[in-house]
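Structure record follows, encoded as structure tokens.
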Ligand SMILES: [Zn+2]
Ligand SMILES: [Zn+2]
């Protein structure tokens with residue numbers, strides 16, 4: 001097989017052998033043609049680049065790292081998505097409603113600084129789904145059918161912000177040290193007994209802490225429906241690759257809807273929690289009180305990153321349900337309906353068994 005290389009800017013380049021679409025192969029650094037098997041290696045010439053935060057907070061657009069992409073908005077649930085593939089039929093990744101290709105519009109976005117490419121492929125995610133759905137108790141049979149329809153399972157890159165900063169904090173507080181006293185108390189039976197009681201002695205404490213806060217991860221999209229459960233929203237960020245649009249081929253990409261400014265506020269909140277933890281460690285002792293703390297962040301940078309999940313969306317009794325499989329490590333989670341009939345018959349069966357047991361033991 002002939003090997004070629006793909007550069008960052010070449011978008012939607014068809015297969016040189018047969019003209020078909022080239023798609024990213026999960027778990028590799030290749031794109032390949034589904035029809036003739038021709039492969040090309042994705043070459044990343046750029047390293048990671050952290051962007052200085054403040055110029056981007058002040059004005060959007062006109063920056064070096066912003067670019068126009070085509071977007072489609074779902075009229076049903078409002079999710080915005082960028083589709084790096086010529087699907088014959090388009091469906092919203094979150095609610096499975098049809099999308100109209102003619103509705104595509106151009107929008108500016110801050111180019112992702114990094115992407116965590118899918119590590120497991122669609123087939124594998126489908127097997128994980130299947131195993132999970134089969135083990136569900138009291139799930140309606142329709143659910144099993146719907147969830148197993150591969151048409152409604154899509155690979156989606158979710159947008160996140162990550163922030164880095166140098167943190168410095170000054171604090172005042174108190175260090176608590178435990179000591180024990182023995183007391184004579186009356187127990188439940190009215191007898192006098194000795195009891196050890198823990199007490200705390202407090203000492204004044206103050207000082208400063210500093211360090212580097214790396215990769216604070218903040219969600220960059222908020223959906224009305226189909227929020228990714230926190231249980232699966234954990235990725236190994238060591239697998240991040242410098243951004244190259246070839247990794248998006250064959251997948252859906254969601255554009256951030258939480259502005260950088262708002263993401264930065266969440267990151268600051270997280271920095272405060274980290275600072276407090278460092279202050280407590282610095283105070284030492286058995287327990288600590290932090291009464292005042294001034295946190296300063298400097299050398300702040302950020303990245304817009306894309307993280308992989310498989311989403312399955314389907315409708316049941318007029319309601320929408322989603323399952324999610326983490327595209328890196330395969331953890332699964334989702335909401336699911338219960339079948340009232342299955343529960344009813346199971347309870348009935350249990351009651352009959354109990355009834356029979358009682359009857360024959362008389
Ligand atoms: Zn081909
Ligand atoms: Zn939708």
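The values are calculated or read from the model by the stated rules, or taken from the named source; none is laboratory data. Since we're looking at a predicted model, the values are computed, not measured. As a convention, Cβ positions derive from the backbone with ideal geometry for all residues, glycine included, and neighbour counts pool all protein chains shown.
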Original post:
So which of 221, 230 ends up being outside any strand (DSSP E or B), loosely packed, with under 12 Cβ neighbours inside 10 Å and within 20 Å of the chain's Cα centre (by Cα)?
Top reply: 230
**OP:** Within segment 12-31, count every residue that is within 27 Å of the chain's Cα centre (by Cα) and either near ligand 1 (Cβ under 9 Å from one of its atoms) or surrounded by 16 or more Cβ atoms within 10 Å (Cβ to Cβ) (or both).
**Re:** 8
Subject >> Restricting segment 317-341 to residues that are over 20 Å from the mean Cα position of the chain (by Cα) and part of a loop (DSSP other than H, G, I, E, B), the residue that is modelled with the lowest pLDDT >> reply: 337
Original post:
Among (1) surrounded by 11 or more Cβ atoms within 10 Å (Cβ to Cβ); (2) part of a strand (DSSP E or B), where does residue 182 come up short?
Top reply: (1)
Original post:
Does segment 296-317 include one or more residues that are surrounded by fewer than 17 Cβ atoms within 10 Å (Cβ to Cβ), out of contact with any helix residue (DSSP H, G or I) (no Cβ under 8 Å at 6 or more places or on another chain) and under 30 Å from residue 129 (Cβ atoms)?
Top reply: yes
Original post:
Going by the conditions given, is residue 287 farther than 30 Å from residue 30 by Cα and either in contact (Cβ under 8 Å) with a residue 12 or more places away in the chain or in contact with a helix residue (DSSP H, G or I) (Cβ under 9 Å, 6 or more places away or on another chain) (or both)?
Top reply: yes
